Structure formats: structure tokens, C-alpha cells
């Protein structure tokens, strides 16, 4: 099964299609791991706002940032500061193969962060 979001196909992961859950604290420092073991896959991130609206996060993985998002060289996504609007589904995928590497449903609340996913 392929996922289609606004004319962008994503290939499901061979590792299964599990969505991980992550809780982050508003105003804090959040890290969402991609677990991209092979850097040649060029991991990128998307936040699914709705089936027709996707936020493409970052353009390169050299420590450049977009707003309050920062993609590290290993593909992990750093969010500083975490905002309530950051809640939602994030997808880390391979730019070269469009394979989904990790899906994380982020919930932002006033509680304590669960740490790294």
C-alpha cells in the first residue's frame, strides 16, 4: 500500500507500519528520532496537517533550521521551543527512495517529556 499526500507517494517501511507515540512538554526541547541507519537514504521530515496539507520540514541535513525545527545530520528532528501546535503526525522518510523510515505521533502537553523516542 502506498500513501499519497498531495501528489507525493511514500513507500511503506519494510520494518512494519507502526506509528510511535511521543509526548513533549510545551516550551521545552523536543527530539524525535528518525533511526535512519543508512545516511545515504537522505532522511527528511514531513508533518501531516491534513490529507491535503503537508509541512515539509527543512531542506538539508547540515544543521540548517526552519523556524523552530532543526534536522540534525543523523536525521533526528529537534523542536525548540516545543509549541502546542507541534502536536500531530510526523513522518521521516528517505528522500532517495521515498521509503517511510519512521512515523511518530507527537502530543504536546504541560506534562513531562517522555524523552527520546
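The values are calculated or read from the model by the stated rules, or taken from the named source; none is laboratory data. Everything numeric in this text was worked out from a predicted model, so none of it was measured. When we count neighbours, we look across all protein chains shown, and the Cβ atoms used for this are built from the backbone with ideal geometry, even at glycine.
Applying the selection to the stretch 4-40, what residues are under 24 Å from residue 52 (Cβ atoms), over 12 Å from the mean Cα position of the chain (by Cα) and either in a loop (DSSP other than H, G, I, E, B) or at pLDDT 90 or above (or both)? Passing the criteria: 6, 7, 12, 13, 17. Just to be sure I understand the filter: pairs with C-beta atoms under 7 Å, separated by 6 or more residues or on different chains, first member in the stretch 66-90 and at positive phi and in a strand (DSSP E or B), second member at pLDDT 90 or above and surrounded by 15 or more Cβ atoms within 10 Å (Cβ to Cβ). Which pairs pass? Sorted first by the residue in the stretch 66-90, then by its partner, the pairs are 88/47; 88/48; 88/106.
For residue 72, are the conditions met, namely being within 13 Å of the chain's Cα centre (by Cα), at pLDDT below 90 and surrounded by 13 or more Cβ atoms within 10 Å (Cβ to Cβ)? So residue 72 fits the description; yes. Scanning the stretch 47-58 finds one or more residues that are modelled with pLDDT under 85 and within 13 Å of the chain's Cα centre (by Cα).
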